[in-house]
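Okay, so here's the structure we're looking at.
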Amino acid sequence: MKTQVGIIGGGPSGLLLSQLLHLRGIDNVILERRSRDYVLGRIRAGVLEHGFADLMREAECGARMDAEGEIHDGFYIAHNGIKERIDLNGLTGGNSVVVYGQTELTRDLYEARDKMGGNIIHNAEDVKPHDMTSDAPYLTYRSGGEIKRIDCDYIIGADGFHGVSRKSIPSDKIKEFERIYPFGWLGILSRTKPVSPELIYAKHERGFALCSMRSQQLSRYYIQVPLDNTVDDWSDGQFWDELKMRLPTEVSAGLITGPSIEKSIAPLRSFVAEPMRYGNMFLAGDAAHIVPPTGARGLNSAASDIYYLFHALLDHYKKGDDSGLDGYSEKALARVWKAQRFSWWMTTLLHSFPSNSDFDNHLQQTDLEYLFSSKSAMASLAENYVGLPF
Ligand code: RFL
Ligand code: PHB
């Protein structure tokens, strides 16, 4: 098989790029290791910045997001028994975020790809990129015991943190930066009314907690847990009890609990791989960078990579101009590092760090007091949360 752009990974990054390219007449194929049901079973992001929402509309995939997604003009930070609001709208001159689940967004992208006859090969085993530094790179994969080959002009590594693309780059051609946090997030989804119409990020000495949602009938809650915990360590009852202890009483009094319909633990990690290009292979999204979810930046950073890559590929195919492709890594990384800084800062501000000294804890408390005493500090938080310009 031959195509112009061979994409590894059918998560949101790969699907969005595939759809945008196809709409502009650029042929592409996605190789996805898992089944569609498996990809759609992942419960991940919930908060989209408006730049991402615009990109979904440009991809002609925004109708359900616009109808069912909720615009949020602010969120709360709870601490010391109270909750204080970050007025995203007022502090950013009118910006907001959209609460719409990654699962739904991925479903919309799959539907759009199907409608256009997009080529997505699921259950592609042992995907490998080859000859990335040549003018004729190609992909191989195994399907039904047969090895198949796809020749392409460019390979896009959109296969997430554990994918094969980044790992195929020789170690002396890529530099990795990493911070691993000494805790994870235990998340549950429950068919209950959210405790608050806006998200609540809670700092508590027992650990961080987050009250989020997917809709007015579907709640998503998280608590910080030690790294060695597993989902089996937490019954639903234990989860709800712990969550209540970490929220101000006025909030926990209104918490509606119910059986969990999904429960999972995610470790927290900051990670960047530089550069995001090796020859004619380009990395995008979680394949190149990971943030702790505290600032809701992961999927949004993936979207900005796709925006840059889409325009760079358009310039190449429509104008013969390669400056976008040549500048992709540098441009994407500049924004990625800002998302890294913000995510690290939000994580440091709101979590309990077992190794913190009294001095560290004092600084953390002062950081929070300063935040709510300074309109500029709150505006800086808000500007980053709604998303820096692409
Ligand atoms: P994905 O979603 O990991 O998709 C990669 C796809 O590649 C496939 N794959 C392969 N295919 C072929 N061959 C191989 N060798 C392959 N290896 C892997 C995988 O099966 C998969 O389908 O990466 P992508 O597309 O870059 O998207 C990134 C986002 O998924 C991620 O950044 C966000 O979910 C992060 N995130 C959040 N981001 C936000 O912007 N806002 C949020 O509110 C938010 N909340 C979260 C989050 C991530 C979380 N977890 C579980 C890590 C909350 C959580 C709990
Ligand atoms: C979510 O709803 O899953 C979510 C929301 C905000 C975050 C992280 C996760 O910062």
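The values are calculated or read from the model by the stated rules, or taken from the named source; none is laboratory data. Everything quoted here is computed from the prediction, not taken from an experiment. Ideal geometry is used to build each Cβ from the backbone, glycine not excepted, and the neighbour counts take in all protein chains shown. The accessibility values were calculated without ligands, DNA or RNA, using every heavy atom of the protein model including side chains. Shrake-Rupley method; radii C 1.70, N 1.55, O 1.52, S 1.80 Å.
Tabulated data for the structure shown
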read-out: Options SER143, SER235: the member that is at pLDDT below 95, more than 16 Å from ligand 2 (Cβ to nearest atom) and small (Gly, Ala, Ser); value: SER143
read-out: Test: GLY94 is free of Cβ contacts under 8 Å to residues at least 12 places away in the same chain, outside the structural domain of ILE306 (by TED's automatic domain parsing) and farther than 30 Å from HIS204 by Cα; value: yes
read-out: Among residues of the stretch 42-72, those that are surrounded by fewer than 19 Cβ atoms within 10 Å (Cβ to Cβ), free of Cβ contacts under 8 Å to residues at least 60 places away in the same chain and not aliphatic (A, V, I, L, M), counted; value: 6
read-out: Residue in the stretch 206-222 that is more than 16 Å from ligand 1 (Cβ to nearest atom) and of a type in the set (Gly, Ala, Ser) present; value: no
read-out: Test for VAL164: is it in a loop (DSSP other than H, G, I, E, B), among the hydrophobic types (A, V, I, L, M, F, W, C) and under 22 Å from the mean Cα position of the chain (by Cα); value: yes
read-out: Candidates VAL225, VAL231, VAL251, filtered to the one that is touching a Gly at 6+ places or on another chain (Cβ under 8 Å), among the hydrophobic types (A, V, I, L, M, F, W, C) and surrounded by 12 or more Cβ atoms within 10 Å (Cβ to Cβ); value: VAL225
read-out: Tally, over the stretch 261-306, of residues that are within 13 Å of ligand 1 (Cβ to nearest atom) and either open to solvent by 40 Å² or more (accessible area, probe 1.4 Å) or not aliphatic (A, V, I, L, M) (or both); value: 23
